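Quick note: the coordinates plus some simple rules give every number you see, no bench work behind them. Quick caveat, the model's predicted, so the values are computed rather than measured. Here the Cβ is made from the backbone with ideal geometry for all residues, glycine too, and neighbour counts use every protein chain on show.
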Amino acid sequence: MGEAATELVGTPWQSFVASPSKGSIHAYGMALDIGLLNEKGELVDMGLPYDSFAFYAGKNGEKQALEQGLLTEVQIENRNFLRYVMGRGGWINLPSEWWHFNAAPGDSIRAKYVQPLPLPQ
C-alpha cells in the first residue's frame, strides 16, 4: 500500500485516499475534482475547501454539520446545485467529497479499462 493510504488505514479519513491495489479513478482519467465560480469568477462557498478531511466534506455529513452550525443552508444548497448539474451530465458524486465526480461507477471503470500508470507497491 502507498504511504498515504497506509497511514490512514483504520482512521475516519481512510475513504479519502484510494488504495494503490485498486487505484484511484483519477488515474484512469475518469474523475474530476470541481467547484463552481460565481459571476465575478470567485469560488462559490461550499463550506469547506476541496480535499478537506472533515466529516462533513460530503453529503454524508451535511445534515449533522448543519445542526452543529458548521454548514449553512446556503452552503448545502450550493453543494446540491453542483451535484444536480453534474448529475444531469451523467457524473456520479462521491458521497464523502462535495467536489469529486466519477464518469461512471468505480468498479465498472476498473473492470473495463486498464490503469495507465503503474501502481507503487
Legend entry - Whole-Hz couplings from phi, Karplus 6.51/-1.76/1.60, listed for the stretch 103-108; x for Gly and Pro: 6, 7, x, x, 5, 6
Legend entry - Ascending count of other beta-carbon atoms within 10 Å, so fewest first, for Trp99, Trp91: Trp91, Trp99
Legend entry - Computed magnitude of the charge dipole of the stretch 31-102 (debye, nearest 20; Cβ of K, R +1, Cβ of D, E -1): 240
Legend entry - Simple label model, 7 Å out from Cα along Cβ direction - Gln115 to Ile34, nm: 2.4
Inset, instruction - Quick one: order Leu37, Leu94, Leu66 by neighbouring beta-carbon count within 10 Å, fewest to most. - result: Leu37, Leu66, Leu94
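Tell me, Val74, Val114 in order of fewest to most beta-carbon neighbours within 10 Å?
Val114, Val74
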